[in-house]
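A.B. asks: The structure under discussion is supplied below as structure tokens; questions concerning it will follow.
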Amino acid sequence: IFLHVVDEQLAAELASHEPEDGQVARQRLLEHGSKCLQTVARLAAEHGVAHREEQAEGDPAAIICDIAIREQPDTIVIGKIGRHGARRILMGSITRRVIESTDRPVLVVTRPPLETVLAAPASDTRH
């Protein structure tokens, strides 16, 4: 399963800065998630990996853990974004909360440093 969760707290925070009903930011987050899912689905299909996509809204850690209970995956692969400061203190790390709340193994994937990406030859498709 490729899963994208729109964090309802983040969506509400962004919406509070919008005129009208505050749905523009939420819609943009959903659209961004759909594009991300389409990209990983295309890559999976190119490599013969069976998959399905899901998109949800709510508390990302809770949703990931609920789906892990339902689906019993061999491993949960999760990205680490790296929140900092007050936001991390108040909300905690989604990755940390998933690791602490699931009995499934968790593989945490980080993005390579920008200088590594910039230094990679154009033919290097790892990034």
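A.B. asks: If I filter segment 103-111 for residues that are β-branched (Val, Ile, Thr), more than 25 Å from HIS51 (Cα to Cα), open to solvent by less than 70 Å² (accessible area, probe 1.4 Å) and modelled with pLDDT under 95, do I get at least one hit?
C.D. replies: Going through segment 103-111, the residues β-branched (Val, Ile, Thr) turn out to be 106, 108-110.
Subsequent filtering for residues that are more than 25 Å from HIS51 (Cα to Cα) retains none.
No, segment 103-111 has no match at all.
A.B. asks: Residues in segment 74-84: is at least one of a type outside the set (S, T, N, Q), at pLDDT 90 or above and open to solvent by less than 90 Å² (accessible area, probe 1.4 Å)?
C.D. replies: Let us first name the residues in segment 74-84 that are of a type outside the set (S, T, N, Q), namely 74, 76-84.
With the extra rule that they be at pLDDT 90 or above, the set shrinks to 74, 76-78.
Narrowing further to those that are open to solvent by less than 90 Å² (accessible area, probe 1.4 Å): 76, 78.
Within segment 74-84, one or more residues are of a type outside the set (S, T, N, Q), at pLDDT 90 or above and open to solvent by less than 90 Å² (accessible area, probe 1.4 Å).
A.B. asks: Here's something else I'd like to know. Among the residues of segment 46-73, how many are open to solvent by less than 50 Å² (accessible area, probe 1.4 Å) and assigned to a helix (DSSP H, G or I)? Talk me through it step by step, then tell me what you get.
C.D. replies: Restricting attention to segment 46-73, the residues satisfying the condition of being open to solvent by less than 50 Å² (accessible area, probe 1.4 Å) are 54, 56, 58, 60-65, 67-68, 73.
Filter again for assigned to a helix (DSSP H, G or I), leaving 60-65, 67-68.
Number of matching residues: 8.
A.B. asks: For residues that are of a type in the set (A, V, I, L, M) and surrounded by fewer than 13 Cβ atoms within 10 Å (Cβ to Cβ), scanning just segment 2-45, find the one that is modelled with the lowest pLDDT. Walk me through it before giving the result.
C.D. replies: Pass one, segment 2-45, residues of a type in the set (A, V, I, L, M): 3, 5-6, 10-12, 14-15, 24-25, 29-30, 37, 40-41, 43-45.
Those still in the list that are surrounded by fewer than 13 Cβ atoms within 10 Å (Cβ to Cβ) too: 12, 43, 45.
Working: ALA12: 82, LEU43: 94, ALA45: 95.
Residue satisfying both the conditions and the ranking: ALA12.
The values are calculated or read from the model by the stated rules, or taken from the named source; none is laboratory data. Everything numeric in this text was worked out from a predicted model, so none of it was measured. Neighbour counts run over all protein chains shown; Cβ positions are idealised from the backbone, glycine included. Heavy atoms of the whole protein, side chains included, go into the accessibility calculation; ligands, DNA and RNA do not. Shrake-Rupley method; radii C 1.70, N 1.55, O 1.52, S 1.80 Å.
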